[in-house]
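In what follows, a single structure is set out as structure tokens and then discussed.
Each reported figure results from applying straightforward, stated rules to the coordinates on display, with no laboratory input. Owing to the predicted nature of the structure, the values given are computational and were not obtained by experimental measurement. Positions of Cβ are generated from backbone atoms using ideal geometry, with glycine treated the same way; all protein chains shown enter the neighbour counts.
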């Protein structure tokens, strides 16, 4: 397989799964993140070309379609490849398969580069940062904007959480994988015992920083869940999920 696509094999261990033996979504996101960073380096847009110049990679939106979540002890294969760079966004796609080549999940994401000190967007072309896109023909549509239903009758729960030291990554904000742990905790054991996700999208709107107090609000419409995180009455992130 050429350099446009990168694959990695995983064997699911105890720390990778939840109490129902299913792969944790936060662990899946960590796999996405780590393989994307490794692939970026092999494509010539790794640490020397970005971090060492004061630029930070961030994921702004991610969309996931789940056919089946793998379970404890299972061997899986993750594949990733970049799409065509737009003015400020770097699309990236993922495909998760079992060791017998069963398609387990697909994902699409939009990444961006920001200036580390000012937190302003970096225009890739202006900084000579280019990623050649690859088309497999099996890409999940890219994530778009989300809108939470403006209906208080659908709001079923709320909670307050504080961003702690263990939530923060080297970019100085809450790592994208931690949002999934927060959401799992917010939905609670009764939900996870009875249901599983079949698709979701999360949009990261603003950074969550150390010590920030975030109010989580949940809205349910039939088999859809919306979750939003707010700080100072402004949306920090939005999530839309379908479940069974």
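Counting only the backbone N, which residues of the stretch 65-94 are under 19 Å from the spot 7 Å out from the Cα of residue 100 toward its beta-carbon? Taking a point 7 Å out along Cα→Cβ of residue 100, the residues of the stretch 65-94 whose backbone N falls under 19 Å are 67-78.
Modelled spin labels at residue 7 and residue 86, positioned 7 Å past Cα toward Cβ, are 3.0 nm from each other.
Quick one: which of 103-112, 45-54 comes out on top by average Cβ neighbours within 10 Å, and what's the full order, highest first?
The packing order, highest mean first, is 103-112, 45-54.
Taking 0.36 nm per residue of sequence separation and removing the Cα-Cα distance, the residue 145/residue 209 pair yields an extension gain of 20.8 nm. A P(r) calculated from all alpha carbon pairs of the chain, with 10 Å bins opening at zero, reads 7, 31, 37, 22, 4, 0 percent. Pull out a ≥ b ≥ c, the square roots of the eigenvalues of the alpha-carbon gyration tensor of the stretch 127-244, then state rounded if a/c is under 1.5, prolate if not and a/b is larger than b/c, and oblate in the remaining case. Oblate shape, in that a/c is at least 1.5 and b/c is the bigger or equal ratio. This ranking places 174, 31 by how few other beta-carbon atoms lie within 10 Å of each, fewest first, which gives 31, 174. Mean projection of the Cα convex hull over all viewing directions, computed for the stretch 6-127: 8.1 nm². Each peptide among 136-145, 15-24 gets the average number of other Cβ atoms lying within 10 Å of its residues, and from highest to lowest they stand as 15-24, 136-145.
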